[in-house]
Ligand SMILES: [Fe+2]
């Protein structure tokens, strides 16, 4: 391990973080670069925020999701990922290596991780809820209903 990697690891190991799970399934580690502790509410909603993310797996759902924030912007620090994006009623696939921007109307899913994926994730104010778009039926289901439907099917 290089000196640079040791320094970066040292900084990261001192940051507060929490594990983000989806239905008990570990999804990513969210580090808080500008907070001393992590205590509820974990994620401020009215204000823009910045997090350091380490992805643990891709998105498992076949549906593409929108984010609840007015905007989201990622700088890819390490690794890369393959993303599915909605364009009209079509889905296209692309490799994200440097930056990613999501507006309120954008739908995506992370299809595959390449290497250890670390991102610096900036979010604007939370103004909506997550939505899930079904590419076959063209329907968008709000987060809460989507999770309930999925639990019923399991
Ligand atoms: Fe996302």
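The values are calculated or read from the model by the stated rules, or taken from the named source; none is laboratory data. Predicted model only: the values in this text are computed from it and were never measured. Counting neighbours? That spans all protein chains shown, and the Cβs are built from the backbone with ideal geometry, glycine included.
Annotation: of all residues in the range 67-77 being within 14 Å of the ligand (Cβ to nearest atom) and assigned to a strand (DSSP E or B), the one that is nearest to residue 145 (Cα to Cα) is 69.
Filtering the range 8-17 for residues that are exposed (fewer than 13 other Cβ atoms within 10 Å of the Cβ), more than 15 Å from the chain's Cα centre (by Cα) and at positive phi leaves an empty set. Only one of the listed residues (64, 56) is farther than 16 Å from residue 123 by Cβ, away from the ligand (no atom under 13 Å from the Cβ) and at pLDDT 95 or above. That residue is 56.
Name the residues in the range 23-46 that are within 19 Å of residue 143 (Cβ to Cβ) and either at pLDDT 80 or above or in contact with a helix residue (DSSP H, G or I) (Cβ under 9 Å, 6 or more places away or on another chain) (or both), would you? 23, 24, 25, 26, 27, 28, 30 - these are the residues of the range 23-46 that are within 19 Å of residue 143 (Cβ to Cβ) and either at pLDDT 80 or above or in contact with a helix residue (DSSP H, G or I) (Cβ under 9 Å, 6 or more places away or on another chain) (or both). Scanning the range 78-111 for residues that are in a strand (DSSP E or B), surrounded by 13 or more Cβ atoms within 10 Å (Cβ to Cβ) and touching a residue at least 40 places away in the same chain (Cβ under 8 Å) yields 86, 91, 108, 109, 110, 111.
Within the range 117-154, track down each residue that is part of a helix (DSSP H, G or I) and within 24 Å of residue 95 (Cβ to Cβ). Listed by number, the list is empty, since nothing qualifies.
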